[in-house]
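Down below is the structure, laid out as structure tokens.
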Amino acid sequence: MITERDVEHIGMLADIAILREELEGFTASFNRILEYFDILDQVTGAGEGEERSFNVFREDEVEPSLSRDDVLSNTLETEDGFFRAPRVM
Amino acid sequence: MSGKTLSFHPDDRYNAFLRTIPEVSYGGGRLSGIPVAVKDNISTRGIETTCGSRILSGYVPPYDATVVTLLRKEGAAIVGKTNMDEFGMGSTTENSAFGPTRNPRDPSRVPGGSSGGSAAAVAAGLVPLALGTDTGGSIRCPAAFCGIVGLKPTYGRVSRYGLVAYANSLEQIGPMAANVSDVNLLMSVIAGYDPRDSTSLDAPYSHVPNMDIRGTRIGVPEEFFGEGVDPRVASVVWDALTLLERKGAEIITCRMPSMSHALAAYYVTCMSEASSNLARYDGVRYGPPSDVRKPWHEAFQERRREGFGLEVRRRIMIGTFALSSGYYGKYYAKAQAARRNVREDFRRLFSEVDVIAGPTMPTVAFRFGEKSDPLSMYLSDILTVPANLAGVPAISVPCGKVEGLPVGLQVMGRWMEDERVVDVAYAYEQGVQP
């Protein structure tokens, strides 16, 4: 059973704010969905095998890529050719 | 480029498009001058691409997705970007931040989703061809609900470079059109190897549909006609299978026990992948900006609360939970085991039959608001998710109506046998024509 406190904690882990009035609705839907997922408890056997996966290596060849102007074209907040982000500390 | 221009001013009464290009230049090639609609989670250079989300409003990609490059190379006129459930998360197109699309066959009903805009644009006759994407049925569901044809290719056959990621291990771009021949044509343009997609297969598609299906063994799993499937839909689909039998196919009933866990496996997997993929939306590089004066987490959390719709937030959070320490074994690891069981079921069945068929959707198109409870919407995907979990090709072709609303026949094939599912759909389509 997931509580409203759990949902707040998950929101924090996922970096998604939850409004006070949304908490009840999210908690109810999480519980319904997770209860449905409990059906997976019956599944036996190991996870996905490697049968169709194999590593493909290649030389690291430098090719043309997007220009700095192109990459910065979708933000208003730039500084000296870099993205400007909120402070971390 | 031959430098010609197409004027495109559609009567978009069903809200199929998020934006259209009034004057489109195009060149020569196999699709020269043909209007093609592109789902809004596929990057188009110079054309806003939002994935139906506020968090990407104003985002103009600086590059084309590989499929878009391939379309342009064949002269296609890319006339607009189609509406969708936000980031592909939905089966109705009601989850678009820019309002729902309505079903041209009955505007009081949803077109299906998440590629509902592409399906509606084709069904309304606004374009002959459209691209959709299919993570758990998002091409086939709207194709079935709108009465058109849609193909989810074998995983890896069409490049995902430039497709805005939601659940990478499941999703594929695919063709949608009014008939099988047009789907076949569009598939031949977009398939092929792309070094920019690490999951890309070197398997170009060049095929002429063949309606001779004599000797084709069609497996029909009981589970596709089980609980939750409208008996009227089941009856229409059985009629279609009987027609294929008359055309020389052999109908073989079979079982697919892994179906009982497939839906939960699918949702745990896609939500987990979404929680990782959608972490990139922080308001720093694209979309409406975060407040750079606030501390990082506060700015980030606020931006994501405002920018994402309810369903997207729900899926990111449940995915985060499913991957968190202490729960990974209960959810994600079990989902991968169930996914392997689905693959094993397909492998076993495909040693006995050539294709597997059943309904695409358990019901006809829903009314607006009918699936407002998220779990009840998820349950409607039960018949489409197995093909995504296994990576096999699957097509939906219109096969009749229930109370005037279209029903889709779904045909799934062996890994890399996209041509064969196209042939069976073609045999049905040609077989019903007078």
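A few comments on the model shown:
- Neighbourhood charge, 11 Å Cβ-Cβ cut-off, centred on B:Glu273 and excluding it, Lys, Arg +1 and Asp, Glu -1: 0
- Interface residues in segment B:331-351 - accessible area drops by 20 Å² or more relative to the isolated chain, probe 1.4 Å: B:Tyr331, B:Lys334, B:Gln336, B:Ala337, B:Arg340, B:Asn341, B:Arg343, B:Arg347
- Contour excess over end-to-end distance, with Cα ends at B:Leu310 and B:Arg13 and 0.36 nm allotted per residue: 104.3 nm
- Multiplying the residue separation of A:Val88 and A:Glu63 by 0.36 nm and removing their Cα-Cα distance gives an extension gain of 5.7 nm.
- In this rough spin-label picture, where each label sits 7 Å from Cα along the Cβ direction, the B:Glu245-A:Leu19 distance is 5.6 nm.
- For B:Arg19, the residues 5 or more places off, or on other chains, whose built amide H falls under 5 Å of its own are B:Lys81.
- Per-residue mean of C-beta atoms belonging to partner chains within 10 Å, peptide B:136-149: 0
- Relative contact order, percent, segment B:269-411 [alpha-carbon distance under 8 Å, six or more residues apart]: 22 percent
- For B:Trp238 and B:Ser325, the FRET efficiency from 1/(1 + (r/R0)^6), where r spans their Cβ atoms and R0 equals 45 Å, is about 0.40.
- Integer Hz, Karplus 6.51/-1.76/1.60 couplings in order for segment B:40-56, x for Gly and Pro: 6, 9, 10, 5, 10, 4, x, 10, 3, 9, 10, 6, x, 10, 5, 5, 10
- Trypsin sites (Lys or Arg not before Pro) lying in DSSP loop within segment B:218-314, provided at most 11 other Cβ fall within 10 Å: B:Arg293
- Estimated vicinal HN-Hα couplings, Hz - segment B:323-332 in sequence order (Karplus 6.51, -1.76, 1.60; Gly, Pro = x): 9, 6, 3, x, 10, 3, x, 6, 9, 5
- Applying the criteria of a DSSP loop state and at most 13 other Cβ atoms within 10 Å to the trypsin sites (Lys or Arg not before Pro) of segment B:80-111 yields no site.
- Positive minus negative residues near B:Ser57 (Lys, Arg vs Asp, Glu; Cβ under 12 Å): -2
- Rh (Kirkwood; distinct C-alpha pairs) - chain B, Å: 21.4 Å
- Under-5 Å amide H pairs with B:Gly400, H placed in peptide plane, nonlocal only: B:Val407
- Gaussian network model of chain B, Cα within-10 Å springs - most flexible of B:Gly112, B:Gly248, B:Gly358: B:Gly248
- Rounded percent of accessible protein surface that carbon and sulfur make up, chain B, 1.4 Å probe: 49 percent
- Take every Cα pair under 8 Å whose residues are at least 6 apart in sequence, average their separation, divide by the length of chain A, and the relative contact order is 17 percent.
- Distance (nanometres) between label positions extended 7 Å along Cα→Cβ at B:Ala203 and B:Ser260: 3.1 nm
- Distance-filtered residues of segment B:324-359 - backbone nitrogen under 18 Å, label point 7 angstrom along A:Asp41 Cα→Cβ: B:326-338
- Virtual spin-label span in nm between A:Glu79 and B:Arg30, 7 Å along Cα→Cβ: 5.1 nm
- Placing +1 on the Cβ of every Lys and Arg and -1 on the Cβ of every Asp and Glu, with nothing else charged, gives the protein assembly as shown a dipole about its Cα centre of roughly 500 debye.
- Chain A: radius of gyration over Cα atoms, expressed as a fraction of 2.2 N^0.38 Å: 1.86
- Comparing A:Glu61, A:Glu35, A:Glu24 in a Gaussian network model of chain A where C-alpha atoms under 10 Å apart are linked, the largest mean-square fluctuation is found at A:Glu61.
- Amide H contacts of B:Lys39 (H built 1.01 Å from N, in plane; Pro and chain starts excluded): B:Thr82, B:Leu131 sit under 5 Å, all sequence-distant by 5 or more or on other chains.
- Percent RCO, i.e. relative contact order, over chain B, from Cα pairs under 8 Å lying at least 6 residues apart: 18 percent
- Estimated [θ] at 222 nm from DSSP helical runs (n ≥ 4, -39500 (n - 2.57)) normalised by residues in the protein assembly as shown, nearest 500: -9500 deg cm²/dmol
- Summing +1 for each Lys or Arg and -1 for each Asp or Glu among the other residues whose beta-carbon sits under 9 angstrom from that of B:Leu170 gives -3.
- What the phi angles of segment B:124-130 give under the Karplus curve with 6.51, -1.76 and 1.60, with θ = phi - 60°, is a coupling list of 7, x, 7, 9, x, 9, 8 Hz, glycine and proline written as x.
- Only one residue of B:Ser198, B:Asn210, B:Met187 has its Cα farthest out toward the positive end of the dipole of segment B:172-224, where Lys and Arg carry +1 and Asp and Glu -1 on Cβ, and that residue is B:Asn210.
The values are calculated or read from the model by the stated rules, or taken from the named source; none is laboratory data. Just so it is clear, the model here is predicted, and its values are computed rather than measured. No Cβ is skipped: glycine too gets one built from the backbone with ideal geometry, and neighbour counts run over all protein chains shown. Calculation scope for accessible area: heavy atoms of the full protein, side chains included, ligands and nucleic acids excluded. Shrake-Rupley method; radii C 1.70, N 1.55, O 1.52, S 1.80 Å.
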